[in-house]
Amino acid sequence: MEAEVVLITLRQSNGQTKVRPAIVLRAMPPFNDFLLCGISTQLRHSTLNFDEIIRPMDTDFQDSGLDRESLVRLGWLMVVPRTEIIGSIGSISAERHQRLLQNLAPYLIAQA
């Protein structure tokens, strides 16, 4: 499941729910819930040297199942049980998945 692009239902600030894509970063102990990062088409929210943009010319764009240029937002993390995943629409490359983890790791272990 890691590196898959999945669909989940998210509650928005106005209380409405919306189906959104997300990338499975890791299965988390002890119940194998999934650490996900959100995907958005709002490219202006990109954080330099942290987030990634998946573009139509990228080798893994077609396999991702996304239909337009999208921002992988590492600052938009959530842990969800398998039951909240609606389904998979595709996957990102192993290389992109590894880059995302490498971009995230320093923020998780940095001293305050």
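The values are calculated or read from the model by the stated rules, or taken from the named source; none is laboratory data. Only a predicted model underlies this, so the values are computations on that prediction, with no experimental measurement involved. Virtual Cβ from ideal backbone geometry, glycine too; neighbours counted across all protein chains shown.
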Criterion (outside any strand (DSSP E or B), exposed (fewer than 12 other Cβ atoms within 10 Å of the Cβ) and among the aliphatic types (A, V, I, L, M)) met by exactly one of Leu108, Leu100, Leu104:
Leu108
Can you find a residue in the stretch 48-57 that is under 12 Å from the mean Cα position of the chain (by Cα) and surrounded by fewer than 14 Cβ atoms within 10 Å (Cβ to Cβ)?
yes
If we ask which residues in the stretch 26-40 are surrounded by 13 or more Cβ atoms within 10 Å (Cβ to Cβ) and outside any strand (DSSP E or B), their number turns out to be 0
Single residue of the stretch 37-90 satisfying the filter (among the aromatic types (Phe, Trp, Tyr) and free of Cβ contacts under 8 Å to residues at least 40 places away in the same chain) that is nearest to Val5 (Cα to Cα)
Phe61
Within the stretch 61-75, can one find any residue that is loosely packed, with under 13 Cβ neighbours inside 10 Å, out of contact with any strand residue (DSSP E or B) (no Cβ under 9 Å at 6 or more places or on another chain) and either closer than 22 Å to Ala105 by Cβ or modelled with pLDDT under 95 (or both)?
no
